[in-house]
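The values are calculated or read from the model by the stated rules, or taken from the named source; none is laboratory data. As the structure is a computational prediction, the values presented were derived from the model and not from experiment. Here the Cβ positions follow ideal geometry from the backbone for every residue, glycine too, while neighbour counts run over all protein chains shown.
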Amino acid sequence: MKNKFLLALLFVVCFAATSMAQSISVGPRVGATFSKVALSDDGDEEVTNDDIKSTPGIQFGAVANFMISDMFSIQPELLYVQKGYKIGEDDAYLKGKLNYIEVPVLAKITFGGEQVRGFVTGGPTLGYWTGGKSTAKFGSMEASEDYEFDDSDNRLELGASFGVGTAFKVGPGELNLDVRYGLGFTGLSETEGNDPKTRNRVFGVSLAYLFNL
């Protein structure tokens, strides 16, 4: 029920932004991610949050920006985002790479001049876990396998994204440099009792080039 409500809310926000928009710009986004998972409670666990390290990945997709006023806009995006984690050191570790299709719908406040402007973003995200790969290494031995889902996996992720950035006037459009932090609110799998939940935490850096329609 919560997932359906969020889908409906995202649709309403996008529709309202389109109706009120003074101008619309679109363009591609590409960048890097540095992600890990966080445990909701690691007090009694063999693996704690201190043991979990970040792992690099990629992100790319499309952006649409609906200007409501000179300072305020709504920015929905459709992204492919790699998330994951690493437990252990370089010679012995377990590493996961998790692939998501993600839809952020961000409020964007922009300030500054015509050539260089700053902005802040924030809003909800909806992600779908499409697949991934796990890799285990011990010494010279290394093995990888594709992730196989079961009934306990929570493939739909509700979350939020917050960020800052700078926009540069380049040619007919704007080059946007974004730095963001993403929080997953839902766990990667269903848990029972007092078992800790694992949630995605993603730091991302990306470039988008937006031009007016």
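So here's what we get for this one:
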{"quantity": "Lone unmet requirement of (1) touching a Leu at 6+ places or on another chain (Cβ under 8 Å); (2) of a type in the set (A, V, I, L, M); (3) more than 23 Å from PHE149 (Cβ to Cβ) for ILE87", "calculated": "(3)"}
{"quantity": "Condition check for ALA107: more than 18 Å from ALA64 (Cα to Cα) and not aromatic (Phe, Trp, Tyr)", "calculated": "no"}
{"quantity": "Given (1) surrounded by 13 or more Cβ atoms within 10 Å (Cβ to Cβ); (2) farther than 25 Å from TYR209 by Cβ, index of the condition GLU142 fails", "calculated": "(1)"}
{"quantity": "Leading residue by the ranking (surrounded by the most Cβ atoms within 10 Å (Cβ to Cβ)) among those in region 93-115 that are within 16 Å of SER73 (Cβ to Cβ) and of a type in the set (A, V, I, L, M, F, W, C)", "calculated": "LEU106"}
{"quantity": "Positions within region 116-148 being over 30 Å from PHE72 (Cα atoms) and within 21 Å of the chain's Cα centre (by Cα), in sequence order", "calculated": "TRP129, THR130, GLY131, GLY132, LYS133, SER134, TYR147"}
{"quantity": "Any hit, region 165-175, residues being at positive phi, in contact with a Phe, Trp or Tyr (Cβ under 9 Å, 6 or more places away or on another chain) and at pLDDT below 95", "calculated": "yes"}
{"quantity": "Of all residues making up region 34-77, the number that are within 21 Å of VAL120 (Cα to Cα), hydroxyl-bearing (Ser, Thr, Tyr) and assigned to a loop (DSSP other than H, G, I, E, B)", "calculated": "1"}
{"quantity": "Of residues in region 165-200 being closer than 18 Å to PRO28 by Cα and surrounded by 19 or more Cβ atoms within 10 Å (Cβ to Cβ), the one farthest from the chain's Cα centre (by Cα)", "calculated": "GLU174"}
{"quantity": "Hey, ALA143 of a type in the set (A, V, I, L, M) and out of contact with any Asp or Glu (no Cβ under 9 Å at 6 or more places or on another chain) or not", "calculated": "yes"}
{"quantity": "Enumerated strands (runs of 3 or more DSSP E) restricted to region 98-212, each holding at least 1 residues that are free of Cβ contacts under 8 Å to residues at least 40 places away in the same chain and under 23 Å from THR48 (Cα atoms)", "calculated": "116-138, 173-184"}
{"quantity": "Which listed residue is modelled with pLDDT of 95 or more, under 15 Å from GLU102 (Cα atoms) and surrounded by 15 or more Cβ atoms within 10 Å (Cβ to Cβ), from PHE162, PHE203", "calculated": "PHE203"}
